[in-house]
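Enquirer: Mind having a look at this structure? Questions to follow.
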Amino acid sequence: MAFTIAIDGPAASGKGTISREVARVFGCAHLDTGLLYRAVGLRMLEGEEPLEAARALMPADLEKDGLRTGAVGEAASKVAAIPEVRAALVDFQRAFARRDGGAVLDGRDIGTVICPEAEAKLFVIASPETRARRRFQEFVAAGEDVDYSRVLEDVRARDARDMGRADAPLRPADDATEIDTTHLSIEEAVAAAIAAIEAAGGTRTA
Ligand code: CDP
Ligand code: CDP
(Lines give C-alpha, C1' and ligand atoms only; values in the text may rest on other atoms or scores of the structure.)
(Ligands and ions follow the chains in the order given, each with its own letter.)
Protein backbone atom coordinates (compact mmCIF):
# COMPACT_ATOMS: atom_id res chain seq x y z
CA MET A 1 0.00 0.00 0.00
CA ALA A 2 1.26 3.50 -0.78
CA PHE A 3 1.26 5.35 2.54
CA THR A 4 2.64 8.86 2.01
CA ILE A 5 4.22 10.94 4.76
CA ALA A 6 4.68 14.67 3.98
CA ILE A 7 7.17 16.60 6.13
CA ASP A 8 7.55 20.34 5.52
CA GLY A 9 9.26 23.20 7.31
CA PRO A 10 11.83 25.98 7.04
CA ALA A 11 15.61 25.56 6.66
CA ALA A 12 17.33 23.66 9.51
CA SER A 13 14.10 23.00 11.40
CA GLY A 14 15.18 19.35 11.58
CA LYS A 15 12.86 17.92 8.94
CA GLY A 16 15.64 16.04 7.10
CA THR A 17 16.89 14.37 10.26
CA ILE A 18 13.32 13.44 11.26
CA SER A 19 12.54 12.18 7.73
CA ARG A 20 15.51 9.83 7.57
CA GLU A 21 14.60 8.27 10.92
CA VAL A 22 10.89 8.08 10.04
CA ALA A 23 11.78 6.28 6.77
CA ARG A 24 13.77 3.73 8.75
CA VAL A 25 11.09 3.20 11.41
CA PHE A 26 8.19 2.92 8.94
CA GLY A 27 10.24 0.98 6.38
CA CYS A 28 9.62 3.34 3.45
CA ALA A 29 11.66 5.22 0.86
CA HIS A 30 12.76 8.83 1.49
CA LEU A 31 13.07 11.76 -0.92
CA ASP A 32 14.69 15.02 0.24
CA THR A 33 12.96 17.29 -2.29
CA GLY A 34 15.27 20.20 -1.38
CA LEU A 35 17.98 18.30 -3.25
CA LEU A 36 16.01 18.71 -6.50
CA TYR A 37 16.04 22.50 -6.12
CA ARG A 38 19.65 22.46 -4.93
CA ALA A 39 20.68 20.45 -8.01
CA VAL A 40 18.95 23.00 -10.27
CA GLY A 41 20.54 25.85 -8.26
CA LEU A 42 23.99 24.31 -8.68
CA ARG A 43 23.51 23.99 -12.43
CA MET A 44 22.41 27.64 -12.54
CA LEU A 45 25.60 28.66 -10.69
CA GLU A 46 27.50 26.68 -13.35
CA GLY A 47 25.89 28.84 -16.03
CA GLU A 48 22.89 26.79 -17.11
CA GLU A 49 19.43 28.22 -17.59
CA PRO A 50 17.30 27.06 -14.58
CA LEU A 51 14.29 25.77 -16.52
CA GLU A 52 16.47 23.75 -18.90
CA ALA A 53 18.36 22.39 -15.90
CA ALA A 54 15.09 21.37 -14.18
CA ARG A 55 13.81 19.61 -17.30
CA ALA A 56 17.10 17.77 -17.80
CA LEU A 57 17.56 16.77 -14.15
CA MET A 58 18.93 13.23 -13.70
CA PRO A 59 19.08 11.05 -10.57
CA ALA A 60 22.89 11.39 -10.67
CA ASP A 61 22.48 15.17 -10.15
CA LEU A 62 21.18 14.42 -6.65
CA GLU A 63 24.47 12.71 -5.71
CA LYS A 64 26.74 15.62 -6.65
CA ASP A 65 29.27 17.08 -4.21
CA GLY A 66 28.64 20.63 -3.06
CA LEU A 67 24.83 20.47 -2.95
CA ARG A 68 24.77 21.23 0.79
CA THR A 69 26.70 24.51 0.75
CA GLY A 70 25.15 27.82 1.77
CA ALA A 71 25.65 29.29 -1.72
CA VAL A 72 23.77 26.42 -3.34
CA GLY A 73 20.95 26.67 -0.76
CA GLU A 74 20.60 30.33 -1.66
CA ALA A 75 20.57 29.55 -5.40
CA ALA A 76 18.02 26.78 -4.75
CA SER A 77 15.58 29.17 -3.09
CA LYS A 78 15.90 31.53 -6.09
CA VAL A 79 15.17 28.90 -8.74
CA ALA A 80 12.39 27.54 -6.49
CA ALA A 81 10.50 30.82 -6.94
CA ILE A 82 10.19 30.20 -10.72
CA PRO A 83 6.78 28.51 -11.32
CA GLU A 84 7.95 26.66 -14.48
CA VAL A 85 10.89 25.17 -12.58
CA ARG A 86 8.52 23.91 -9.84
CA ALA A 87 6.14 22.50 -12.47
CA ALA A 88 8.96 20.57 -14.14
CA LEU A 89 9.69 18.76 -10.86
CA VAL A 90 6.12 17.79 -9.87
CA ASP A 91 5.67 14.46 -11.71
CA PHE A 92 8.87 12.95 -10.36
CA GLN A 93 7.89 13.84 -6.77
CA ARG A 94 4.30 12.53 -7.12
CA ALA A 95 5.47 9.25 -8.65
CA PHE A 96 7.94 8.83 -5.80
CA ALA A 97 5.20 9.55 -3.23
CA ARG A 98 2.88 6.83 -4.53
CA ARG A 99 5.43 4.04 -4.77
CA ASP A 100 4.57 0.65 -3.23
CA GLY A 101 5.83 0.31 0.31
CA GLY A 102 5.18 3.96 1.10
CA ALA A 103 7.33 7.07 1.02
CA VAL A 104 8.36 10.05 3.09
CA LEU A 105 9.04 13.31 1.24
CA ASP A 106 10.41 16.38 2.96
CA GLY A 107 10.42 19.93 1.62
CA ARG A 108 8.31 23.09 1.69
CA ASP A 109 5.12 22.28 -0.27
CA ILE A 110 4.70 18.51 0.07
CA GLY A 111 1.56 18.63 2.24
CA THR A 112 0.04 21.59 0.41
CA VAL A 113 0.85 21.10 -3.30
CA ILE A 114 2.75 17.91 -4.14
CA CYS A 115 0.79 15.46 -1.95
CA PRO A 116 -2.33 17.15 -0.55
CA GLU A 117 -3.76 13.62 -0.11
CA ALA A 118 -0.82 12.40 2.01
CA GLU A 119 -1.95 10.11 4.82
CA ALA A 120 0.31 11.86 7.38
CA LYS A 121 1.49 15.48 7.35
CA LEU A 122 3.99 17.14 9.67
CA PHE A 123 5.10 20.76 9.78
CA VAL A 124 8.43 21.12 11.58
CA ILE A 125 9.48 24.51 12.94
CA ALA A 126 12.11 26.05 15.25
CA SER A 127 13.12 29.61 16.08
CA PRO A 128 15.36 31.35 13.51
CA GLU A 129 18.16 31.66 16.10
CA THR A 130 18.07 27.93 16.88
CA ARG A 131 18.05 27.05 13.18
CA ALA A 132 20.93 29.43 12.44
CA ARG A 133 22.96 27.94 15.32
CA ARG A 134 22.39 24.42 13.94
CA ARG A 135 23.39 25.45 10.39
CA PHE A 136 26.40 27.36 11.71
CA GLN A 137 27.62 24.26 13.54
CA GLU A 138 27.20 22.17 10.38
CA PHE A 139 29.20 24.68 8.29
CA VAL A 140 31.98 24.78 10.90
CA ALA A 141 32.10 20.97 10.99
CA ALA A 142 32.34 20.94 7.17
CA GLY A 143 35.24 23.41 7.28
CA GLU A 144 33.27 26.33 5.77
CA ASP A 145 34.44 29.78 6.84
CA VAL A 146 31.27 31.55 8.10
CA ASP A 147 30.10 33.71 10.98
CA TYR A 148 26.94 33.17 12.98
CA SER A 149 25.33 36.55 12.29
CA ARG A 150 25.70 35.98 8.54
CA VAL A 151 24.10 32.53 8.83
CA LEU A 152 21.20 34.03 10.83
CA GLU A 153 20.74 36.68 8.14
CA ASP A 154 20.68 33.97 5.46
CA VAL A 155 18.13 31.92 7.40
CA ARG A 156 15.85 34.96 7.69
CA ALA A 157 16.30 35.85 4.00
CA ARG A 158 15.51 32.29 2.91
CA ASP A 159 12.43 32.17 5.20
CA ALA A 160 11.18 35.43 3.68
CA ARG A 161 11.71 34.18 0.13
CA ASP A 162 10.18 30.73 0.79
CA MET A 163 7.14 32.13 2.63
CA GLY A 164 6.67 35.16 0.41
CA ARG A 165 6.69 33.61 -3.06
CA ALA A 166 3.43 33.45 -4.97
CA ASP A 167 3.75 29.83 -6.15
CA ALA A 168 3.73 27.08 -3.47
CA PRO A 169 4.84 29.26 -0.54
CA LEU A 170 6.05 27.61 2.65
CA ARG A 171 3.02 27.22 4.92
CA PRO A 172 1.45 24.39 6.95
CA ALA A 173 -1.37 22.39 5.38
CA ASP A 174 -4.61 22.80 7.36
CA ASP A 175 -4.40 19.17 8.47
CA ALA A 176 -0.67 19.12 9.34
CA THR A 177 0.62 18.37 12.86
CA GLU A 178 3.11 21.02 13.98
CA ILE A 179 6.32 19.96 15.74
CA ASP A 180 8.36 22.79 17.27
CA THR A 181 11.91 21.45 17.72
CA THR A 182 13.37 24.63 19.29
CA HIS A 183 13.73 22.98 22.68
CA LEU A 184 13.67 19.32 21.59
CA SER A 185 16.58 16.91 21.24
CA ILE A 186 16.71 14.94 17.99
CA GLU A 187 15.35 11.89 19.87
CA GLU A 188 12.41 13.88 21.26
CA ALA A 189 11.62 15.39 17.86
CA VAL A 190 11.71 11.96 16.20
CA ALA A 191 9.48 10.49 18.93
CA ALA A 192 6.91 13.27 18.39
CA ALA A 193 6.96 12.62 14.64
CA ILE A 194 6.52 8.85 15.06
CA ALA A 195 3.58 9.38 17.45
CA ALA A 196 1.85 11.73 14.99
CA ILE A 197 2.34 9.31 12.07
CA GLU A 198 1.03 6.36 14.10
CA ALA A 199 -1.99 8.46 15.08
CA ALA A 200 -2.58 9.04 11.35
CA GLY A 201 -2.63 5.27 10.69
CA GLY A 202 1.03 4.54 9.94
CA THR A 203 2.40 1.12 10.97
CA ARG A 204 5.95 0.74 12.26
CA THR A 205 8.17 -1.92 10.75
CA ALA A 206 11.14 -1.26 13.07
O1 CDP B 1 18.01 21.92 4.03
P2 CDP B 1 17.35 23.24 3.93
O3 CDP B 1 16.08 23.27 4.68
O4 CDP B 1 18.26 24.38 4.19
O5 CDP B 1 16.97 23.50 2.43
P6 CDP B 1 16.42 22.47 1.39
O7 CDP B 1 15.28 21.71 1.97
O8 CDP B 1 17.55 21.70 0.84
O9 CDP B 1 15.79 23.44 0.29
C10 CDP B 1 16.56 24.41 -0.40
C11 CDP B 1 15.59 25.40 -1.04
O12 CDP B 1 14.81 24.72 -2.01
C13 CDP B 1 14.57 26.00 -0.07
O14 CDP B 1 15.01 27.20 0.53
C15 CDP B 1 13.34 26.23 -0.95
O16 CDP B 1 13.38 27.49 -1.54
C17 CDP B 1 13.48 25.18 -2.03
N18 CDP B 1 12.52 24.08 -1.86
C19 CDP B 1 11.23 24.28 -2.30
O20 CDP B 1 10.89 25.35 -2.76
N21 CDP B 1 10.31 23.27 -2.24
C22 CDP B 1 10.64 22.08 -1.72
N23 CDP B 1 9.73 21.11 -1.69
C24 CDP B 1 11.95 21.87 -1.22
C25 CDP B 1 12.87 22.90 -1.30
O1 CDP C 1 16.33 19.27 6.87
P2 CDP C 1 16.42 20.55 7.65
O3 CDP C 1 17.15 21.62 6.92
O4 CDP C 1 15.09 21.01 8.14
O5 CDP C 1 17.24 20.26 8.97
P6 CDP C 1 18.26 19.08 9.33
O7 CDP C 1 19.34 19.04 8.34
O8 CDP C 1 17.50 17.83 9.62
O9 CDP C 1 18.79 19.58 10.76
C10 CDP C 1 19.65 20.67 10.89
C11 CDP C 1 20.63 20.37 12.02
O12 CDP C 1 19.97 20.48 13.29
C13 CDP C 1 21.25 18.98 11.98
O14 CDP C 1 22.64 19.10 12.18
C15 CDP C 1 20.60 18.24 13.13
O16 CDP C 1 21.46 17.31 13.72
C17 CDP C 1 20.28 19.37 14.12
N18 CDP C 1 19.17 19.15 15.07
C19 CDP C 1 17.96 18.66 14.69
O20 CDP C 1 17.79 18.31 13.54
N21 CDP C 1 16.91 18.48 15.57
C22 CDP C 1 17.05 18.82 16.83
N23 CDP C 1 16.03 18.66 17.67
C24 CDP C 1 18.27 19.34 17.26
C25 CDP C 1 19.29 19.51 16.35
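Enquirer: Give me the percent relative contact order of the stretch 19-159, please, defined on Cα pairs under 8 angstrom at least 6 residues apart.
Expert: Relative contact order of the stretch 19-159: 26 percent.
Enquirer: Taking all pairs of distinct Cα atoms, average 1/r, flip it, and tell me the Kirkwood hydrodynamic radius of the stretch 1-117 in Å to one decimal place.
Expert: Mean inverse Cα-Cα distance, inverted, gives 14.4 Å.
Enquirer: Over the stretch 1-66, what is the mean sequence separation of C-alpha contacts under 8 Å (at least six apart), divided by residue count, expressed as relative contact order in percent? Write down the numbers at each step before the final one.
Expert: Details: 25 pairs, mean separation 13.0, N = 66.
Value for the stretch 1-66: 20 percent.
Enquirer: I need the GluC sites (Glu not before Pro) found in the stretch 23-104, filtered to DSSP loop residues with at most 13 other beta carbons within 10 Å of theirs.
Expert: Qualifying residues, ordered by number: GLU46.
Enquirer: On to the next question. Quick one: length gained pulling GLU84 to ARG204 fully straight, 0.36 nm per residue minus the C-alpha distance?
Expert: Stretched fully, the GLU84-ARG204 segment lengthens by 39.5 nm.
Enquirer: I would also like to ask the following. Compute the orientation-averaged projected area for the chain from the convex hull of its Cα atoms and round it to one decimal in nm².
Expert: The directionally averaged projection comes out at 10.9 nm².
Enquirer: Mean residue ellipticity at 222 nm from the helices of the chain, using -39,500 (n - 2.57) per DSSP H segment of n ≥ 4 over the full residue count, to the nearest 500 deg cm²/dmol?
Expert: Calculated mean residue ellipticity at 222 nm is -14500 deg cm²/dmol.
Enquirer: Further question on the same structure: Quick one: length gained pulling GLU178 to GLU63 fully straight, 0.36 nm per residue minus the C-alpha distance?
Expert: Values: separation 115, 0.36 × 115 = 41.40 nm, distance 3.02 nm.
Once the chain is fully extended between GLU178 and GLU63, it gains 38.4 nm.
Enquirer: So how far apart, in nm, are the two label points at GLU46 and VAL146 if each is 7 Å from Cα heading toward Cβ?
Expert: 2.2 nm
Enquirer: Between the stretch 155-184 and the stretch 4-30, what's the alpha-carbon centroid distance in Å?
Expert: With the stretch 155-184 and the stretch 4-30 each reduced to a Cα centre, they are spaced 15 Å.
Enquirer: A further question on this structure: By its C-alpha gyration tensor, with a ≥ b ≥ c as the square roots of the eigenvalues, how is the stretch 22-82 shaped: rounded for a/c under 1.5, else prolate for a/b larger than b/c, else oblate? Don't skip to the end; give the middle numbers.
Expert: On the way: a/c = 2.18, a/b = 1.90, b/c = 1.15.
Taking the square roots of the gyration eigenvalues as a ≥ b ≥ c, the stretch 22-82 is prolate.
Enquirer: Something else: Grab the Cα-Cα distance for GLU74 and GLU153, subtract it from 0.36 nm times how many residues apart they are, and report the gain in nm with one decimal.
Expert: So the extension gain works out to 27.3 nm.
Enquirer: Ignoring ligands, DNA and RNA, please state the percent of accessible area on the stretch 4-197 from carbon and sulfur, probe 1.4 Å.
Expert: Working: 4780 of 9040 Å².
On the stretch 4-197, the fraction of accessible area on carbon and sulfur atoms equals 53 percent.
Enquirer: Right, another one. Amide H to amide H under 5 Å from THR182: which residues, 5+ apart in sequence or cross-chain, H placed 1.01 Å off N in plane?
Expert: SER127
Enquirer: Now, a different point. Measuring with a 1.4 Å probe in the full set of protein chains, what accessible area per residue, in whole Å², belongs to the chain?
Expert: With all protein chains present, the chain gives 48 Å² per residue.
The values are calculated or read from the model by the stated rules, or taken from the named source; none is laboratory data. Keep in mind it's a predicted model, so treat the numbers as computed, not measured. With ideal geometry, Cβ positions are generated from the backbone for all residues, glycine too; neighbour counts draw on all protein chains shown. Protein only, heavy atoms only, side chains kept; ligands, DNA and RNA dropped before computing areas. Shrake-Rupley method; radii C 1.70, N 1.55, O 1.52, S 1.80 Å.
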